[in-house]
Amino acid sequence: MSLTKLFSEHPQSVGESYSQHFAAAWSFGSRMIVAGSACMLHGVFPFLFVKTGSSTVRHLHDAMITHRTRAKAAPEWADMGAHI
């Protein structure tokens, strides 16, 4: 497999360019890191960040799956029951 194809195949399968996919992945990843940190703090201090983890998961699911406007989901999402 060519190097170009390695970097373009998946982004194209979800209707994005490499740079669009890069930005989306970094946005999602940074939100997950922040929410994960909040969840860990919630474990120690149960009165903090009571809804942060669950609301972040719902928001990311909506952005990635429920409101996807791509022509088709990537094969790995289709296998997991994703709906466009």
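Hey, with R₀ at 41 Å, roughly what FRET efficiency would Gln12 and Val44 work out to, going by the Cβ-Cβ distance, to 0.05? Present the calculation step by step, with values, prior to reporting the outcome.
Working: r = 43 Å, r/R0 = 1.05.
So, using R0 = 41 Å, E works out to roughly 0.45.
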(request) Using label points projected 7 Å from each Cα along Cα→Cβ, tell me how many nm separate Ile33 and Thr4, to one decimal. (result) 3.2 nm
(request) For Lys51 and Ser19, compute 0.36 nm times the residue count separating them, minus their Cα-Cα distance, and round to one decimal in nm. (result) 8.3 nm
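Taken together, the values in this text are just the output of simple stated rules run on the coordinates, not laboratory data. From a predicted model like this one, the values you see are computed outputs, not experimental measurements. Counting neighbours? That spans all protein chains shown, and the Cβs are built from the backbone with ideal geometry, glycine included.
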